[in-house]
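What follows is a single structure, written as structure tokens, with notes after it.
FYI, it's all coordinate maths here, none of it is from the lab. Fair warning: this is a prediction, and the values are worked out from it, not measured in the lab. As a convention, Cβ positions derive from the backbone with ideal geometry for all residues, glycine included, and neighbour counts pool all protein chains shown.
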Amino acid sequence: MPQKTIQIIGLNHIPEIKPGADLTNILIKGIEKQKLKIENNDIFVIAQKIVSKAEGQIINLNHIKPSTFATIFSLKSGKDARLIELILQQSKQIIRMDMDKGTLITETIHGLICANAGIDSSNVEGSEYVTLLPDNPDLSAKKLYYGISSFFSNLSIPVIISDTFGRPWRNGQNNVAIGIYGMDPIKDYRNTKDVFGNTLSNTMITIADEIAAAAELVMGKTNRIPIVLIKGINTSFSETTINTIFRNPSEDLFR
């Protein structure tokens, strides 16, 4: 059996991203500088932060007026009341909260469940500024997919938008997919047989999250590598959205 090899290659020539930046053009220039060969079904993982910056999802907290709830939460937790208010504005509902510890786990307006509605102050210039998640991460991935694919003779090159989320029961965070285009985020093994001939009935692997997590090994948080090329994973084109991986609330034992 031939050995399967997967390559994880970080783009080293990505400048600081400003609102309105053309990420496709920046990515292409990075590829050219590194003289990388792009092949059909290569995958790009792109950090949410640069997508948000390019799309202008940057908020000055001085423009946010805290509600009564945000003010109370701030007094008990020590967190900025303006930030709490912005988290509430970017959320459908609060899943868990601890005012004393300043913990807010919410379901975002996108349907993602994470801390602080995905709002982040890291890697943003200015102490009063934070970034929001992209308005529509799937659409962001789709635009990048067609921009990149058209440059490379219409090859199919899936795009994953990644972000770092915490996990129930485990310390530490993992990179996960929050937007996708060009591939199915789930590899479904149901009704296939294992090596002993047993039929698998429940196994569905979220490969989009696995790919995003693998990319973070190169990205890091301080490496200034927000774009990673993944080679060696077999995929087929799909328009399946990230919503596919969201568990139905009625089946979610963590809520």
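Spread over its residues, the convex hull of the C-alpha atoms of the chain is 147 Å³ per residue. For the chain, take the longest principal axis of its alpha carbons; what is the angle in degrees between that and the long axis of helix 207-219, to the nearest 10 within 0 to 90? Orientation of helix 207-219: about 80 degrees from the principal axis. The Kirkwood radius of segment 59-129, taken over pairs of alpha-carbon atoms, gives through the Stokes-Einstein law at 25 °C and 0.890 mPa s a diffusion coefficient of 201 µm² s⁻¹.
This ranking places 77, 236, 250, 140 by how few other beta-carbon atoms lie within 10 Å of each, fewest first, which gives 250, 236, 77, 140.
To the nearest 10 degrees, how steeply does helix 137-151 sit against the main Cα axis of the chain, on a 0 to 90 scale? For helix 137-151, the angle is close to 40 degrees. In plain terms, the residue of 235, 106 with the fewest other Cβ atoms within 10 Å comes first and the most crowded comes last, giving 235, 106. The label-point distance for residue 68 and residue 34, in a model that sets each label 7 Å from Cα toward Cβ, rounds to 5.3 nm. One way to sum up the overall shape of segment 153-255 is the equivalent ellipsoid from its Cα gyration tensor, whose semi-axes run 24, 20, 14 Å, largest first. In plain terms, the chain from residue 99 to residue 75 could stretch by 7.8 nm, reckoned as 0.36 nm per residue minus the Cα-Cα distance.
On a per residue basis, the convex hull of the C-alpha atoms belonging to segment 45-94 measures out at 110 Å³.
For the chain, the longest principal axis of the C-alpha atoms and the axis of helix 68-77 are separated by about 80°. Exposure proxy for 255, 82: other Cβ atoms within 10 Å of each Cβ, ordered fewest to most, give 255, 82. Centre-to-centre, using Cα atoms only, segment 1-72 and segment 91-109 are separated by 26 Å.
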